[in-house]
Structures are given as structure tokens and as C-alpha cells.
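Since the structure comes first, as C-alpha cells, the remarks are kept for the end.
Nothing in this text is a laboratory measurement; each read-out follows from the coordinates by a stated rule. A quick note: this is a predicted structure, and the numbers were derived from the prediction, not measured. Cβ sites come from the backbone with ideal geometry, for glycine too, and all protein chains shown count toward neighbours.
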Amino acid sequence: MTVSKQTGKEVATIARRSKRSPAEFSMKFTFGTNWKMRNLGRDEAREYVRVVAASLPRLANTRIFILPPVTLIRDMALEAAENRILIGAQNFHWAPEGEFTGEISTALLKQEGAAIVMVGHAERRSLFGESDQVINRKLKRALADGLQVVLCVGDSEPDLAAAKLQETFFRQIGIALDGVAPDASGKLIVAYEPVWAIGEAAKGAPSGEQVTSCVDLIRRALQRAFGGAADEIPVLYGGSVGPGNCRQFVAGTGVNGLFVGRSARDPHRFVLLIQEALSVMEKKTPNAPP
Ligand code: PGA
């Protein structure tokens, strides 16, 4: 791959980020936001990172990831260089490179400073036809290239029977992690996102009890794939999370953080939401990864 012209400072910053060990990021709590196809200027994007970075001293044991549109990654990654904020991509191709018009490779994303990528988001599954098999290929590519990976899984309806829920999570996770070695667990984050609770068209949000039982099934599916190593994988909740309701998703549900869309558009609001969630989680997460 031909590396584009970068300043010495940029090269050094991006190289330093890619050398960070997974252990450096094995924080107790994880919060992320997916910006989807939001049109934002570079200055606003950098300012977003600055606001979140300024709040870090108040957010102990917490790592944060932000998934902007791909053209904003470089600016944001440079802004985030010295702290616990990871910048990454919402999408990429599973091949290392080649004749895939319009696609982007993990190598190119890393060149921009991406440290994390997402696979399996409900919008990629439903609008772009991404199957569990495609998600598996993409996940393996990202891991092979040393990226952290957020794997999204979710149920399709609010009232699925227990057996159907189990089938859904065991299938999504079983196929996504097929052929992946358990020692990859330090690089993985799982986001539980009920399809029916995501975005403007959400039909509502799950109760704390619903989140608890789905997270339990997800952990069982992860253990089936990875054995004891699965315990270090953070499981987040995402879907219609807002400052008013975030307690119900984190209080005693076994989640290790939140994945937020609309309510994180304003960085100050995102930080408030994290603080609200942390005030509950610091007391009630017995199964948080170390
Ligand atoms: P939302 O989106 O918070 O706007 O519901 C969540 C997501 O799609 O990840």
C-alpha cells in the first residue's frame, strides 16, 4: 500500500495510537456513539472530541469510542491522540484490497487513524443486506489488522418468545465469531441493540428486565464461542438511550456501558449521559470486565 503524504507529527501520532495494547483499553466502562450519515464540518467534529476529552478526568475507568462518517476520522483521530477516546469507522470491506468499487479497506482506515470499527449494525443488516456470514468475514478482517471491533446484535421484535431470543443471539454471535480465536476477546465489544428500539422509527425501548435477560443470553452465546475468555468482553446497550432513561438500561442489567445515536449528537449531552450512567454503574456492575 502506498501511504499518502502525511506530516511527521501526524505519522507519529497515528503510529503511537496503533501501538496501544488492548490492555490499555480494558477499562471497566465503555461508551460509544455512532454518528451514522450525519453531515458535520471538520471544525465541529474536532470540537466534539475536545469537549469529550475535557470531561475525561471526571470519567474514571471509562473509555469512549466515536464512529463518525469516514471523512472525519483523520481530524478527529488527531484531536483524540493523547487520551482514552478511540475514533473509528462504521463500515469497511472484508477484503484487504482489490476491485471493490466504492468500498474502503481496513488498511486505509488505519492510515486515517481509525482504531476501532463496527460490524453488524441493524441498518447495515436491513438496508444493505449484510448477513451474519458477511459480518463474520468483516470481523475477521478487522481483527487480523489489529483493530478493535464493535459487534452489534439485536432482536427484531419487542415481544419475541424466549426460545426465539436465544436462537437469535446464539446464531448472530455464533456465526459472527466462527473461526475467531478466544484470545481476540480483548479486542471485542458487543453492543446489544434491539432492532425495534433503534433510531427515529423506534417502537419504544426495552425495560430493564428485557435488557437483563437479553444480555444474559448474549453472555451465554459469547461463552459458548470463547469459553472463560468471553468474560472480558464488554456488553453495551444501545437503542433510544437518552439522559432521561439511561438508568433503566444500566441498573443491575449486567451491561458495561452504552452505545448511543441521537442523544449523543451534542457532546455535552453525551458526557452528561455518561456521567448519569456511571453514577449507577459504579455501584451495580458486579460482572464488569476488570
Ligand atoms: P439511537 O441509535 O440511539 O438514535 O436509537 C442507536 C444506534 O443505532 O446505534
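Between Glu47 and Arg247, the modelled label-to-label distance comes to 3.2 nm, taking each label 7 Å out from Cα in the direction of the beta carbon.
This ranking places Val51, Val190 by how few other beta-carbon atoms lie within 10 Å of each, fewest first, which gives Val51, Val190. Tell me, how many Å apart are the Cα centres for the stretch 97-139 and for the stretch 40-75? Cα centroid of the stretch 97-139 versus Cα centroid of the stretch 40-75: 21 Å apart. With 0.36 nm allotted per residue and the present C-alpha distance subtracted, the Ala181-Ala54 stretch has 42.1 nm of extension available.
Using unit Cβ charges (K, R positive; D, E negative) and no other charged atoms, how large, in debye to the nearest 20, is the dipole of the chain about its Cα centre?
580 debye
For the stretch 190-290, the list of trypsin sites (Lys or Arg not before Pro) that fall in a loop by DSSP and count at most 16 other C-beta atoms within 10 angstrom reads Lys203, Arg265.
Exposed loop sites are taken as chymotrypsin sites (Phe, Trp or Tyr not before Pro) in a DSSP loop (any state but H, G, I, E or B) with at most 11 other beta carbon atoms within 10 Å; the longest stretch of the chain without one runs 129-290. Once you've got the Cα coordinates, tell me which of Lys110/Lys203; Lys36/Lys164; Lys110/Lys187; Lys203/Lys283; Lys36/Lys138; Lys138/Lys187 are over 26 Å apart. Among Lys110/Lys203; Lys36/Lys164; Lys110/Lys187; Lys203/Lys283; Lys36/Lys138; Lys138/Lys187, the Cα-Cα distance tops 26 Å for Lys110/Lys203; Lys36/Lys164; Lys203/Lys283.
Please rank Leu272, Leu143, fewest neighbouring Cβ atoms within 10 Å first, as an exposure proxy. Could the numbers behind the result be given before it?
Details: Leu272 15, Leu143 19.
Going from sparsest to densest Cβ surroundings: Leu272, Leu143.
Add +1 for every Lys or Arg and -1 for every Asp or Glu among the other residues with Cβ under 15 Å from the Cβ of Ala205, and state the total.
On the way: positive: Lys203, Arg247, Arg262; negative: Asp155, Glu157, Asp159, Glu193, Glu200, Glu209.
Surrounding charge for Ala205 is -3.
Report the relative contact order of the chain, percent, no decimals, based on alpha-carbon pairs under 8 angstrom and at least 6 residues apart. Each step should come with its number before you reach the end.
Numbers: 525 pairs, mean separation 52.3, N = 290.
Reported relative contact order: 18 percent.
3J(HN,Hα) along the stretch 58-69, derived from phi through the Karplus expression 6.51 cos²θ - 1.76 cosθ + 1.60 where θ = phi - 60°, amounts to 8, 10, 5, 6, 10, 10, 10, 10, 10, 10, x, x Hz, with x in place of Gly and Pro.
Once the C-beta distance of Asn39 and Asn61 is scaled by a Förster radius of 25 Å, the resulting FRET efficiency is 0.15 to the nearest 0.05. Cβ crowding within 10 Å ranks Thr30, Thr212 as Thr212, Thr30, fewest other Cβ atoms first.
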